[in-house]
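The values are calculated or read from the model by the stated rules, or taken from the named source; none is laboratory data. What you are looking at is a predicted structure, and each value in this text was computed from that prediction instead of being measured. As a convention, Cβ positions derive from the backbone with ideal geometry for all residues, glycine included, and neighbour counts pool all protein chains shown. SASA here: full protein model, heavy atoms, side chains in, ligands and nucleic acids out. Shrake-Rupley method; radii C 1.70, N 1.55, O 1.52, S 1.80 Å.
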Amino acid sequence: MFWRSIDRPRGPVPRPPARSRVPALALGAPAAALFSAALSFVVAVRRAVHGALPEWLGSGGLIGAAGLACLASAVWFLARLGVLELDESGLSRPWSRRHGLWLVGGTWLAYAPWLGRSSLIDPWETHYGEVAREVLARNDWISFWWAQDGFFWSKPPLSIWLEAASFAVLGVHFEPDHLLDSVGRAPAEPEWAVRLPALLLSLGALYLSYRLVRRGFGRRAALYGGVVLATTPFWSLLARQATTDMPYVACATAAIALFGCGLCAPPELRLPSYEVAFGKRTLRLDASRLLLAAVAATALVQIGYLVSLHFSLGSQGLTLQSDRFLQGSGGGNCALSLPSNAPCATLGPELPALAPGLLACVWSGALAALVWLERGERRVQRWCFVGAWFAVALSFLAKGAPGLVLPLAVAGTSLLAAGRLRELSRLELPALALILLAVAMPWYAQAFARHGMPFFDRLFRHDMIDRAFSHVHDTNAGDDVSLGYYLWQLGYGLFPWTGLSLLGFVAALRGSRSAGARAEIQSLLALWFALSFALFSAALTKYHHYILPAVVPAALLAGVLLERAASPAPDGAPPRLQPAARSAALGLAGLTAAVVLLAVGRDLSVNAAVDGQARFMHLFTYNYARPWPPALQFRELLWVVAVSFACASAAWLLPRLRRHVVTAMLLGAIGFALFLVGCYLPLASPHYGQRELLLEYYARRANRAEPVLAYQMNWKGENFYTGNRVVVFVSSGQPLHDYLRELERSGRRTFFVMTEHRRRGSLESELGRVRRFEQLTTPEQNNKFFLARVEL
């Protein structure tokens, strides 16, 4: 009875005829092109990471071109296989009409060139980057280490795993004291490896968002929505930040987009299949097998690693062992007796009964049950739901509770609002449970087996439950954290689309006059925004970037509104003959958007309690009271952008100009996004990180015996860029004095120290009389920190 309740097909399922049959030799040229482009891309990024590319060549442009070649080769391969959709006449659409390709390719070219050319921004990028570096240095993908703070239990593993895997593939020198080693004249750029996974995930989410809107509103509305999303400061800046937020939001976006596509798919529509002929043998491919392979690969990598924990390869060959793991910083740091590094120790699990091999059997059983359950399923709708649940599992693995609750809440609420609860049997809910077990649970369970209740208390109680019901580490003292808090952050993060995004949501609340996919998707987007805003506004701990999930539906609804303004009346009449009511409503919408935009622009261009031009940095940083670099002045430019877009929005009052105005607004937003990622962020980042200070340290030190100290700092950039070969004094006093006496006794009288400018007085006081104190960097180079050379 249970299997009947989920509408599972019984007996053999007839296979539909293949959409295309292609000889394997016909795929040779595009496959070779794809392989060559991918290899060139990896080589180019590796060379940039190692500082081996000539400075005149420009690593960003070369890598951007190589990535675009990968995308073009993949499209060529899919076109030759017959996967790409046909137009109304049954012919393959030309490249110029492939809006999704242009959206993803253009966004890549806009974001990628500057990805590795600026310092990691503290504290989030440096925190997670250092934890990922330690994964390789310690060779431990379960128990994470966090410099002087011990084991890291604050976040789930997905973003850390992706960064660590990127380090391994791209050859980052993760060993202590070698991260910034360069083999050429250009400086090493490990930032490429840190940020690339988040950028690639953001592009995938952008494309699936495009597909969702296209399903209900057509290609042009989907393209407009994608451009709006890609050009918002929230998305364009966080897509190139190595934090946990973009991976989880990208996966949650993919889940909701696939769920929406499943809702709109005909229940009995079958997946098309494609055949590749190898002589007399035929390989049959379809999306279900590829998706199931992706789920299996994600689970089997974790299962295989758990099994490997029971084996050790030493001088006596391969031996069996129980699970053991290292306490301390990897690469030999924990053996140096540095004041900031815990001593080395080998530990056993708190719950040895939960052995990795035993748990691996449980996860293997869940995966096997999933494969058996879906073995005969070929319906498009069902596989959209399975893909959505896979993305939910990844989102849960990226951020924990928010990554699980948000997409499931949106899915459930949309079914309830549409009155489709009777269709629960079609949602592949058993597959959801099995995918969560096989994909998301292995790390959580093994980390709990190793560390016990302290791990649970820190991750689930402190960093999830307490953040929802109390203030944990937030820096909003004196700020209004009521309902208006995230309204203002959305105002800055959606600029210059703020007003149109708000009006797009209001228009969606009115509902669609037509039924079908358009109404379903419009309702889904409105619920997505409302639930995201309500969920994070209700939580007491607030950071500006927490509202990122609401940016996606807001931007997509703005794109729908733009398409409506740029289109003729529904009956095909020219703009001058549009119904008066529709034309007046669009004109009023543009005027309202202009007023909202001017209010936001004023905030961005004035220097009040918070310097307005710093608000874009505040979208993803931690200390909102941090002073803005005086040498960087963008107020006039931001005001010009605000006034220009306000005038363009007000021009919607003129029906004949709307289509041209919409085009101008899209082009202007692209230009503004290029300014943010190519000018604003690279110029500001040296003041929000430690890369340049440590490059100066490595250039100035005579040998490795001259250490660098971090005085009253805990931003983790000092740990990441030195490979944790740094002496950190978060609180100084007697430990600092003891270390200085030890330096004198060992004959090492020269060392370097980095700290905040405002702490120079206390640093000099604690150092006492020294032979020489030379400040090597200026506030113009970094207005937060400085580097000094000290001789005792």
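Residues in the range 118-150 that are of a type in the set (A, V, I, L, M, F, W, C), within 19 Å of the chain's Cα centre (by Cα) and not in a helix (DSSP H, G or I): 2 in all.
Which count do you get for residues in the range 491-501 that are part of a helix (DSSP H, G or I) and buried (at least 24 other Cβ atoms within 10 Å of the Cβ)? Of the residues in that region, 5 qualify. Looking only at residues in the range 691-734 that are assigned to a helix (DSSP H, G or I) and in contact with a strand residue (DSSP E or B) (Cβ under 6 Å, 6 or more places away or on another chain), the one that is surrounded by the fewest Cβ atoms within 10 Å (Cβ to Cβ) is Glu696.
In this entry, Leu68 is excluded by the filter for residues that are surrounded by 20 or more Cβ atoms within 10 Å (Cβ to Cβ) and either out of contact with any strand residue (DSSP E or B) (no Cβ under 6 Å at 6 or more places or on another chain) or closer than 30 Å to Pro735 by Cβ (or both).
Taking the criterion of being open to solvent by 40 Å² or more (accessible area, probe 1.4 Å) and among the polar types (S, T, N, Q), the residues of the range 514-538 that qualify are Ser514, Ser523.
Here Ser567 clears all of (1) open to solvent by less than 50 Å² (accessible area, probe 1.4 Å); (2) at pLDDT 85 or above except the condition numbered (2). Could you list, in sequence order, all residues of the range 222-235 that are surrounded by 24 or more Cβ atoms within 10 Å (Cβ to Cβ), more than 10 Å from the chain's Cα centre (by Cα) and part of a helix (DSSP H, G or I)? Passing the criteria: Ala222, Tyr224, Gly225, Gly226, Val227, Val228, Leu229, Ala230, Thr231, Pro233, Phe234.
Every listed requirement among (1) modelled with pLDDT of 95 or more; (2) buried (at least 16 other Cβ atoms within 10 Å of the Cβ) is met by Ala297 save one, (2). Here Gln241 passes the criteria (1) assigned to a helix (DSSP H, G or I); (2) at pLDDT below 95; (3) of a type outside the set (Phe, Trp, Tyr) except the one numbered (1). Among the residues of the range 344-387, those that are in a loop (DSSP other than H, G, I, E, B) and either open to solvent by less than 20 Å² (accessible area, probe 1.4 Å) or closer than 30 Å to Ala265 by Cα (or both) comprise Glu374, Arg375, Gly376, Glu377, Arg378. The residue that is surrounded by the fewest Cβ atoms within 10 Å (Cβ to Cβ), counting only those in the range 275-290 that are assigned to a helix (DSSP H, G or I) and among the small types (Gly, Ala, Ser), is Ala287.
Among the numbered conditions (1) open to solvent by 30 Å² or more (accessible area, probe 1.4 Å); (2) modelled with pLDDT under 95; (3) farther than 30 Å from Ala79 by Cα, the only one that Pro272 does not meet is (3). Residues in the range 611-660 that are in contact with a His (Cβ under 7 Å, 6 or more places away or on another chain) and modelled with pLDDT of 90 or more: His618, Leu619, Phe620, Pro629.
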